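What follows draws every value from the coordinates through simple rules; no lab data is involved. This is a predicted model, so every value here is computed, not measured. Methodologically, a virtual Cβ is constructed for each residue, glycine included, from the backbone with ideal geometry; neighbour enumeration extends over all protein chains shown.
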Amino acid sequence: MYESKKQPPLTRAQFLRRLLGHSFVALALLISSLGIGMLGYMLFEHLPWIDAFLNAAMLLGGMGPVNPPLTAPGKLFAGLYALYAGLVFIVTAALLFTPILHRMLHRLHWDETV
């Protein structure tokens, strides 16, 4: 997926295309995760869609739910979704920072191999 240290760094246009692709994947992950959270809150806690959106978005953002779950299935879902949201945060950060860090390291080490 990425060029080796023996290959020259990508051009600026190619790098921006790679960054845009990673951003698109991160955005798709966040939107699908938000949808999963909303669906779970609507099914297990019987919240209206706007409250389900708020709770799912707050958990994905790391703030915690606004409406505490009242049912046992809702509590189980909220706990599992909170764990999932933490992983989504890490994966999203990795998706966004990996191309930048790779480019920086590649530029530093490419001069040594030429």
Using only the alpha-carbon atoms, how far is helix 49-60 inclined from the longest principal axis of the chain? Give it as 0 to 90 degrees, nearest 10. 50
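What is the mean projected area of the alpha carbon convex hull for the range 35-113, to one decimal in square nanometres?
On the way: hull surface 24.1 nm².
Averaging across all directions leaves 6.0 nm² for the Cα convex hull.
If you take every residue apart from P69 with its C-beta less than 10 Å away from the C-beta of P69, what net charge results, scoring Lys and Arg +1 and Asp and Glu -1? Don't jump to the answer; show the numbers that get you there.
Details: positive: K75; negative: E45.
Residues near P69 contribute 0 overall.
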Just from its helices, what would the mean residue ellipticity at 222 nm be for the chain, if runs of 4 or more DSSP H residues each count -39500 (n - 2.57) and the sum is divided by every residue, rounded to the nearest 500 deg cm²/dmol? -27500 deg cm²/dmol
So how do V25, V88 line up by other beta-carbon neighbours within 10 Å, fewest first? V25, V88
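With a 10 Å Cβ neighbour count serving as the proxy for reagent exposure, in which order, fewest first, do S33, S4 appear?
Numbers: S33 22, S4 8.
With the fewest neighbours first, S33, S4 line up as S4, S33.
Between L87 and Q14, what FRET efficiency follows from the Cβ-Cβ distance if R0 is 35 Å, with the result rounded to 0.05?
On the way: r = 30 Å, r/R0 = 0.85.
Efficiency, from the Cβ-Cβ distance: 0.75.
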With r as the distance between the Cβ atoms of L30 and R107 and R0 = 35 Å, compute the FRET efficiency 1/(1 + (r/R0)^6) and round to 0.05. 0.75
How far is helix 12-44 tilted off the main Cα axis of the chain, in degrees rounded to 10, range 0 to 90? 10
For the range 1-52, rounded, prolate or oblate, judged on the Cα gyration tensor with a ≥ b ≥ c (square roots of eigenvalues), a/c < 1.5 rounded, else prolate if a/b > b/c? prolate
Tell me the angle of helix 72-113 to the major Cα principal axis of the chain, expressed in degrees between 0 and 90 and rounded to the nearest ten. 10
